Amino acid sequence: SRKAQGLAFLDMQLARDGLAAGKEVKGVETLAEQMEVVASLPMSFHVKSLVGTVQYPQYTADMMETTLQLYLRGQIGLVFPAGAYFAPEKSADDFKDMELFEEKLITMRNRTMAERGEPILARGNVFMAVGALHLVGDEGLVELLRRKGYTATPVE
């Protein structure tokens with residue numbers, strides 16, 4: 001709906017707001033790196049995801065709403081389990097695909113963000129914004145930064 005209204009996507013809006021406030025804006029990964037990770041997933045994963053989105057549009061809409069509600073309740077760690085539980089079709093391959101998705105698009109990127117973010121955070125007085133799925137779990141960005149000695153405080 002943001003795109004339909006001509007509004008910037010969230011990442012861009014945060015960057016614009018920071019710059020307008022006279023803040024330095026830095027990224028911990030590039031769009032090209034993100035696209036490389038997406039491209040590294042097997043074509044069968046992309047095809048299956050696209051077909052599922054078209055075949056089960058209500059599931060996609062429901063999962064978007066579920067993700068939002070879980071985020072607002074501070075329960076973002078339930079997104080993957082909820083998606084698996086409510087999936088219209090379930091197979092062992094689906095779970096393998098989700099494990100691969102999580103490893104490549106979440107966990108590996110968390111490690112990169114923690115490594116690149118650490119010197120920025122070391123300077124202090126930093127606002128760091130990442131997607132909610134990057135925050136949770138033993139390999140989540142919060143835990144990775146805690147291991148480096150940082151304290152993460154949620155903003156409400």
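Scanning region 1-36 for residues that are among the charged types (D, E, K, R), within 15 Å of the chain's Cα centre (by Cα) and under 15 Å from F127 (Cα atoms) yields a single hit, D11.
When region 47-63 is filtered for residues that are open to solvent by 60 Å² or more (accessible area, probe 1.4 Å) and part of a helix (DSSP H, G or I), the ones remaining, listed by number, are V47, K48, L50, V51, T53, V54, Q55, P57, Q58, Y59, D62. Here is the figure for region 131-153: residues that are over 16 Å from the mean Cα position of the chain (by Cα) and open to solvent by 70 Å² or more (accessible area, probe 1.4 Å) total 5. The numbered conditions (1) closer than 22 Å to H134 by Cβ; (2) assigned to a helix (DSSP H, G or I); (3) small (G, A, S) are all true for S44 except (1).
Taking region 64-90 as the range and being touching a residue at least 40 places away in the same chain (Cβ under 8 Å), open to solvent by 60 Å² or more (accessible area, probe 1.4 Å) and not hydroxyl-bearing (S, T, Y) as the test, only G74 passes. The set of residues in region 26-52 that are free of Cβ contacts under 8 Å to residues at least 24 places away in the same chain, β-branched (V, I, T) and either farther than 19 Å from E115 by Cβ or touching a Lys or Arg at 6+ places or on another chain (Cβ under 7 Å) (or both) comprises V47, V51.
Please specify each residue of region 85-99 satisfying the condition of being modelled with pLDDT under 80 and assigned to a helix (DSSP H, G or I).
Correct list: A92, D93, D94, F95.
If you go through region 116-130 and keep only what is open to solvent by 40 Å² or more (accessible area, probe 1.4 Å), assigned to a loop (DSSP other than H, G, I, E, B) and either over 19 Å from L10 (Cα atoms) or not hydrophobic (A, V, I, L, M, F, W, C) (or both), you end up with R123, N125.
Out of the residues in region 1-43 meeting the condition of being open to solvent by 70 Å² or more (accessible area, probe 1.4 Å) and of a type in the set (D, E), tell me which one is nearest to K104 (Cα to Cα). Among residues in region 1-43 that are open to solvent by 70 Å² or more (accessible area, probe 1.4 Å) and of a type in the set (D, E), the one nearest to K104 (Cα to Cα) is E36.
For G137, the conditions (1) under 26 Å from G27 (Cβ atoms); (2) part of a helix (DSSP H, G or I); (3) touching a residue at least 40 places away in the same chain (Cβ under 8 Å) all hold with the exception of (2).
The values are calculated or read from the model by the stated rules, or taken from the named source; none is laboratory data. Computed from a predicted structure; not experimentally measured. Cβ coordinates were reconstructed from backbone atoms using ideal geometry, including for glycine residues, and neighbour counts include every protein chain displayed. Quick note on the areas: whole protein, heavy atoms, side chains included, nothing else; ligands and nucleic acids left out. Shrake-Rupley method; radii C 1.70, N 1.55, O 1.52, S 1.80 Å.
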